[in-house]
Structures are given as C-alpha cells and as structure tokens.
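Step one of this worksheet: look at the structure below.
The values are calculated or read from the model by the stated rules, or taken from the named source; none is laboratory data. Bear in mind that the values here come from a model prediction, so they are computed numbers and not experimental data. Reconstructed Cβ throughout: ideal geometry from the backbone, glycine too, with neighbour counts over all protein chains shown. Ligands, DNA and RNA are stripped out before the accessible areas are found, and what is left, the full protein with its side chains, is counted by its heavy atoms. Shrake-Rupley method; radii C 1.70, N 1.55, O 1.52, S 1.80 Å.
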Amino acid sequence: QSYVEDLLDNPERIWDHAYRTQISEAGRCLLLALYTDGGDSLLGLASCFAELRRARAKRYNQPIEPKEFDANLKILEGGFLTIGIRGISYLNPSIKGYVGSIIVGDPETYSDIFESATHFKQIATLWRLTMEVGSPTRQLLPQRHSATFISRLTALAHVPTYDYATSAEGKIVAHQID
C-alpha cells in the first residue's frame, strides 16, 4: 500500500521505469525531441528527431534503423504520446515533466539535444528549462555551454525555420517563420 501511495505521490517513478527499460533509444530520442520541438508539426518534429538520433547514435556507437521515427511514433502513441489534428503531444503532463527532468538532470542528454538542435526554439526551450527547474546541474549548464551556446545561436540565426501544414488538396506546404 505504501508503495502505491509513493507512486501516486511521485508519478515520475512510473515513467522512469518505462523510459529506461521499456522503450528503445530511438523512442527516448523521440520523447526528448518532442520536449524541445513542441510537436506542432510532424515534419518539424521528424527533423529534430533525426538530428538528435544521429548525434546519440554516433556518441553511443548505435545503428540507426530505417523509418525509426514512424515506427516509434506508433509504439509510443497511447502510452506516452497522443497524435491529434493540432500535432503531437505528451499523453500526460507528468510525462513532459519527467522528460524535462531527464534533460536537466543528465548533462550528456542536455548536450546531445543542444548540439543537434535544428531550430532556434529548441535552444530557447532548453534555456527556459534550465532557468525554471531547480537542479544540481542548473548552474553548470550555461557555463559549460557558453561558447557552444553562442556558436549554436550563430549557426541557427542563418537557418530559416519552417512551419508545415497540409493544404485543402492534401499537399504539404511550408511557410518560413523565422
């Protein structure tokens, strides 16, 4: 009974077990990419996922399987994610909170996301998360990444960001947003 009460008081423990033992590295990359991308566009999320997945596969010497994005969307839908007309989101706010705690609690994960960011909004999301969440690594992250931070901002300043939508005819249309 106390175990169940503890889980109800701390739902992150439930997500931690599933995150670390029941989903693939590609699935974890999808959850991490969603945090910084926001999930407004399937193509935008796919782009963020692809870059993060490549970075982590290289860091950990892992193979990348074809169609990992689509396969993991299907696997995670209903358990971690919901897919709707307005995009992709976490099934439950506690999942988003858990993923945020992973990002700020693990400097390697933070670095992987930061260094593979394809959109300015990802950097802004990381910065806000770092400032909002009390964490032992909170003070280290901006200092540790200050040169990289400037470098990434400079690189992203010259790359446009697009929003993708489906037209009435069913075609995907891109609109530059920054």
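Which of the residues belonging to the range 1-43 are at pLDDT below 70, part of a helix (DSSP H, G or I) and surrounded by 13 or more Cβ atoms within 10 Å (Cβ to Cβ)?
Within the range 1-43, just 7 meets the criteria.
Could you check how many residues of the range 54-88 are more than 20 Å from residue 126 (Cβ to Cβ), outside any strand (DSSP E or B) and open to solvent by less than 30 Å² (accessible area, probe 1.4 Å)?
Within the range 54-88, residues that are more than 20 Å from residue 126 (Cβ to Cβ), outside any strand (DSSP E or B) and open to solvent by less than 30 Å² (accessible area, probe 1.4 Å) number 7.
Checking the structure you have, find out if any residue of the range 89-96 is in contact (Cβ under 8 Å) with a residue 12 or more places away in the chain, open to solvent by 10 Å² or more (accessible area, probe 1.4 Å), in contact with a Ser or Thr (Cβ under 9 Å, 6 or more places away or on another chain) and assigned to a strand (DSSP E or B).
yes
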